[in-house]
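Reviewing the structure listed below.
The values are calculated or read from the model by the stated rules, or taken from the named source; none is laboratory data. Since the structure is predicted, the reported quantities are computational estimates derived from the model, not experimental observations. Virtual Cβ from ideal backbone geometry, glycine too; neighbours counted across all protein chains shown. Surface areas here come from the heavy atoms of the whole protein model, side chains and all, with no ligands, DNA or RNA. Shrake-Rupley method; radii C 1.70, N 1.55, O 1.52, S 1.80 Å.
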Amino acid sequence: MMKNSIILTLIIFLFNSCEKNQNIEVYDQNESYIHFAVPNTGTTSQRQGELFVDSLNFSFVFEDVNLENKRMAIPINIIGVAKSSDRSYQVEIDEKNSNIDLTSIDLETPVIKANHTVDSLFVNIKKTDKLREGTFYLYLNLKDNENFKLGHSKNTRMKISITNRLSQPIWWTRWINFFGPYNQEVYQKWIQIYYLGADPSPDIYGKFPAPYYYWDNMPPSASASSYPVTFMYIRKLKEYFMENAVYPNGDLSKPRIYLP
């Protein structure tokens, strides 16, 4: 009876091993393979397909207000040996699923430089007025060519979400007497002014050390006496809109923005 149990255990083990091996991607050492390689910092798993992410997010609202074009670098890895000359690879925009204005997108020539096994695909994104209306998507697909076959199967497609819009944060209504009716321009400038670390104050209740309060973690009440540093930065914000003519969505037909 024990012998039968051992045999059954071996059969199960071999079956499971075969099943797992079916998921292992096999590569020809005489070939070179290519895949997107944006590190996945959210997992410690080393299983294939979970080493890298398959999507990226980009927003112009977190960039300098004068930035009109973003040059995004997407890491590219190869499986195989480096070569002594530059090698081109093929990447295509999935026009069917991409809903961003493709005239605002420019892909630089995709190439793995000589003696490199890691390089970058550069994508230039133009800031357009349309991006203020919501989030748009760009899909990129790697393709086989004479230099490279496709590498990790789950990392040969990249989804990039792109926007220039800020949604009203939940704390805004609590502070509306000082920030006024919601405007993206005010919120964007507040992010630049009241960044994490600008306010050296700890949590007023003593639970969390400084820095604690910033644009994405506002004090629980709009009290100048309790949060003087926050109000110092609000004064700076107000001065900015007094000294600079800023209009909602850049529309000059609308009244310029002032804080209360």
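A compact table of results
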{"read-out": "Charge-dipole axis of segment 126-241 as Lys and Arg at +1 and Asp and Glu at -1 on Cβ define it, positive-most pick from 160, 215, 191", "value": "160"}
{"read-out": "Extension gain, residue 29 back to residue 192 (0.36 nm per residue minus Cα-Cα distance, nm)", "value": "53.7 nm"}
{"read-out": "Projected label distance in nm at residue 231 and residue 171, using a 7 Å step from Cα toward the beta-carbon", "value": "1.6 nm"}
{"read-out": "Spin-label model distance (nm) - residue 63 vs residue 217, 7 Å beyond Cα toward Cβ", "value": "2.8 nm"}
{"read-out": "Accessible solvent surface per residue of the chain, calculated while the other protein chains remain in place, 1.4 angstrom probe, Å²", "value": "61 Å²"}
{"read-out": "Inter-label distance for residue 94 and residue 205, nm, one decimal - labels placed 7 Å from Cα along Cα-to-Cβ", "value": "4.4 nm"}
{"read-out": "Those chymotrypsin sites (Phe, Trp or Tyr not before Pro) in segment 148-195 that DSSP places in a loop and that have at most 13 other beta carbons within 10 Å", "value": "none"}
{"read-out": "Unsatisfied cross-links (Cα-Cα over 27 Å) in the set 83/159; 127/254; 130/236; 130/254", "value": "83/159; 130/236"}
{"read-out": "FRET E, pair residue 133, residue 244, Förster distance 22 Å, beta-carbon r, rounded to 0.05", "value": "0.40"}
{"read-out": "For the chain, with +1 on Lys and Arg beta carbons and -1 on Asp and Glu, the positive-most of 80, 204, 29 along the dipole", "value": "204"}
{"read-out": "Net charge dipole size for segment 144-249 [Lys, Arg +1 and Asp, Glu -1 on Cβ; Debye, nearest 20]", "value": "260 debye"}
{"read-out": "Amide hydrogen neighbours beyond the local backbone of residue 203, cut-off 5 Å, H modeled", "value": "208, 210"}
